[in-house]
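Asks: One structure is given below, represented as structure tokens, and several questions about it will come after.
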Amino acid sequence: MKQNQLPDLKQAQKRTKEPTVIERAAMDLPAEYFALGNGKTYYIRTYGCQANFHDTEMMAGILEQIGFVSAPDIDKADLVLLNTCAIRENAEDKVFGEIGILKHDKEHGRNVMIGVGGCMMQQPSIVEKIRKTWPEVNFIFGTHNMVRLPYLVKEAMNAKKPYIEVFSEEGKIYENVPLKRKEEYKAYVSIMDGCDKFCTYCIVPFTRGKQRSRLPEDILCEVRKLKENGCKEVMLLGQNVNAYGKDFGDPDGFAGLLKKTAETGIERVRFMTSHPWDFTDAMIEAIRDYPNIMPYFHLPVQSGSDEILRMMGRRYTAAEYLALFRKLKAVRPEASFSTDIIVGFPGETEEDFEKTLELYDACGFDSAFTFAYSPRKGTAAAKREDQIPEDVKSSRLARLNERVSYWGKKHNEEYIGKTVEVLAEGPSRKNGSIWSGYTGTMKLVNFEPHDVKAGDLVQVKILDAKSWTLDGKQV
Ligand code: 5AD
Ligand code: SF4
């Protein structure tokens, strides 16, 4: 039995000048591993952001390579993986709840292997808690050792106690890892992982390691293959896509990659997430010049108060953010915008919060992901003494969310009577005779279809608008 390898936050925070290692052969497994999952099923439950959903596609690809097949739901699987998120405490609570349910199943005779991985597992206190409270968990792994899943599964099959392997390192890039994508017509393409920004509230630079970009040729090869196979839309993914290429000294950076991706001719190009600080004029020009770069921009602002932005370590002021917002709007007037906002950051006064509301109104975002600040162990902001009481945070959140719905509905109403292009996804969950899909501006449209299949780009006339969705009829 091998030694457990536990996470270490101090180690995870270190950044060296070492070049990133690109591993291309991590999945060249010894022959005996290919039958490891034969006759067994798996289910992966994913929490958190798109990066996690993409990691899940990778985990699924790896498990299928070693013989597992996908189970229709979590209750039927022989192997359950939880791919966890550490961004806020409530994300963590959901995971603990799910582990509790699986433990209960095991106690009642269910023979299920449980693996818990992802961002939460990079934190020593969490691993310790799971180890003490839920010995029913068979193995624990982190964000840097997903490709070791075949070995972890094998190790856990023979172990009596939870087998723990969490590397706290800057991280590598893995190429040639099989992916099981959720859809064929719409794909996540990871262009980078990790983050070196260390915003003072954020655990991501600790859990995901240093910023490391894939090479443009690997990314473009993936996009071209997707296109050849009928894919219509790619979402270029990274914690901070605007910083793409800085780590390997790419002179063209994200603007260059964006152009080359658009030049593949794929119908729709999207990207996520952008940090306003790294948004260059070259990127804005690319957005202006290539109509297949979709006019929807997720641009997290976090706060409208310069003082709070400074304390968050965001490196821009509210005025600079607004100027960037207006530049983007000027080159693509039809664009829609969403943002992320944290309320109740330590030291946030009523006045600071009102500045956030003012900036929100000045931008009139189409939508926003809004959060009450949640202290994360190991981050700079969590150590501050001027934490905001929970009731103040929740009342600010409610006030902000009123604005969010107001602007959401207002912008959606502007679509009534217009005909828009929608990438058809499939029948809606509530009503099988109604289909749904997204516009280029990322509006979810429910529509009456005729002669449509998933992945078709169709024209839909918008007849009605709600706060979060549009209703229409295919023309
Ligand atoms: N508390 C609340 N929200 C947070 N976010 C990141 N860290 C925290 C935290 N500690 C939010 C930010 C980020 C989004 C993904 O999650 O708004 O943009
Ligand atoms: Fe977190 Fe800031 Fe990096 Fe985004 S840019 S992942 S908020 S540290």
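The values are calculated or read from the model by the stated rules, or taken from the named source; none is laboratory data. These figures come from a predicted structure and were not determined experimentally. Backbone-built Cβ (ideal geometry, glycine too); neighbour counts: all protein chains shown. These accessible areas exclude ligands, DNA and RNA; they are computed on the full protein's heavy atoms, side chains included. Shrake-Rupley method; radii C 1.70, N 1.55, O 1.52, S 1.80 Å.
Asks: Select from region 268-303 the residues that are open to solvent by less than 10 Å² (accessible area, probe 1.4 Å), away from ligand 1 (no atom under 16 Å from the Cβ), over 18 Å from LYS327 (Cβ atoms) and in contact with a helix residue (DSSP H, G or I) (Cβ under 8 Å, 6 or more places away or on another chain) and list them in ascending order.
Replies: VAL269
Asks: If we scan region 212-226, do we find a residue that is surrounded by fewer than 24 Cβ atoms within 10 Å (Cβ to Cβ) and of a type in the set (S, T, N, Q)?
Replies: no
Asks: Taking region 367-382, which residues are closer than 22 Å to HIS298 by Cβ and either more than 7 Å from ligand 1 (Cβ to nearest atom) or modelled with pLDDT under 95 (or both)?
Replies: SER367, ALA368, THR370
Asks: Inspect all residues belonging to region 304-311 and state whether any of them is among the acidic types (Asp, Glu) and open to solvent by 40 Å² or more (accessible area, probe 1.4 Å).
Replies: Yes: region 304-311 contains one or more residues that are among the acidic types (Asp, Glu) and open to solvent by 40 Å² or more (accessible area, probe 1.4 Å).
Asks: If the requirement is being without any contact (Cβ under 8 Å) to a residue 24 or more places away in the chain and either farther than 30 Å from PRO205 by Cα or surrounded by fewer than 18 Cβ atoms within 10 Å (Cβ to Cβ) (or both), which of these qualifies: SER405, SER433?
Replies: It is SER433.
Asks: Still on this structure, please answer the following. Taking region 248-267, which residues are over 17 Å from GLU222 (Cα atoms) and either of a type outside the set (Asp, Glu) or buried (at least 19 other Cβ atoms within 10 Å of the Cβ) (or both)?
Replies: Within region 248-267, PHE248, GLY249, PRO251, GLY253, ALA255 meet the criteria.
Asks: Moving on. Please verify whether region 316-337 includes one or more residues that are surrounded by fewer than 15 Cβ atoms within 10 Å (Cβ to Cβ), in contact with a strand residue (DSSP E or B) (Cβ under 7 Å, 6 or more places away or on another chain) and assigned by TED's automatic domain parsing to the domain that holds GLY256.
Replies: The answer is no; no qualifying residue exists.
Asks: Scanning for something within 25 Å of the chain's Cα centre (by Cα) and closer than 24 Å to TYR188 by Cβ, does region 345-357 turn up at least one residue?
Replies: Within region 345-357, not a single residue is within 25 Å of the chain's Cα centre (by Cα) and closer than 24 Å to TYR188 by Cβ.
Asks: On to the next question. Any residue at all in region 125-140 that is among the hydrophobic types (A, V, I, L, M, F, W, C), under 21 Å from THR56 (Cα atoms) and assigned to a loop (DSSP other than H, G, I, E, B)?
Replies: Within region 125-140 (the criterion being among the hydrophobic types (A, V, I, L, M, F, W, C), under 21 Å from THR56 (Cα atoms) and assigned to a loop (DSSP other than H, G, I, E, B)), the answer is yes, since at least one residue qualifies.
Asks: Mind checking which residues of region 80-102 are more than 23 Å from HIS144 (Cα to Cα) and either in contact with a Pro (Cβ under 7 Å, 6 or more places away or on another chain) or surrounded by fewer than 17 Cβ atoms within 10 Å (Cβ to Cβ) (or both)?
Replies: Passing the criteria: ASN90, GLY97, GLY100, ILE101.
Asks: Mind telling me which of the residues GLU128, GLU107, GLU92 ends up being within 30 Å of MET235 (Cβ to Cβ) and not aliphatic (A, V, I, L, M)?
Replies: On the way: GLU128 fails: within 30 Å of MET235 (Cβ to Cβ); GLU107 fails: within 30 Å of MET235 (Cβ to Cβ).
Answer to the check: GLU92.
Asks: Checking GLU64 against (1) under 20 Å from ALA156 (Cβ atoms); (2) in contact with a strand residue (DSSP E or B) (Cβ under 7 Å, 6 or more places away or on another chain), which single condition isn't satisfied?
Replies: Checking GLU64 against (1) under 20 Å from ALA156 (Cβ atoms); (2) in contact with a strand residue (DSSP E or B) (Cβ under 7 Å, 6 or more places away or on another chain), the one that fails is (2).
Conditions tested, residue by residue: (1) under 19 Å from the mean Cα position of the chain (by Cα); (2) closer than 28 Å to VAL422 by Cα; (3) modelled with pLDDT of 95 or more.
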| residue | (1), (2), (3) |
| --- | --- |
| SER168 | no, no, no |
| ALA187 | yes, yes, yes |
| LYS225 | no, yes, yes |
| GLU228 | no, yes, yes |
| VAL234 | yes, yes, yes |
| PRO251 | no, no, no |
| PHE271 | yes, yes, yes |
| SER274 | yes, yes, no |
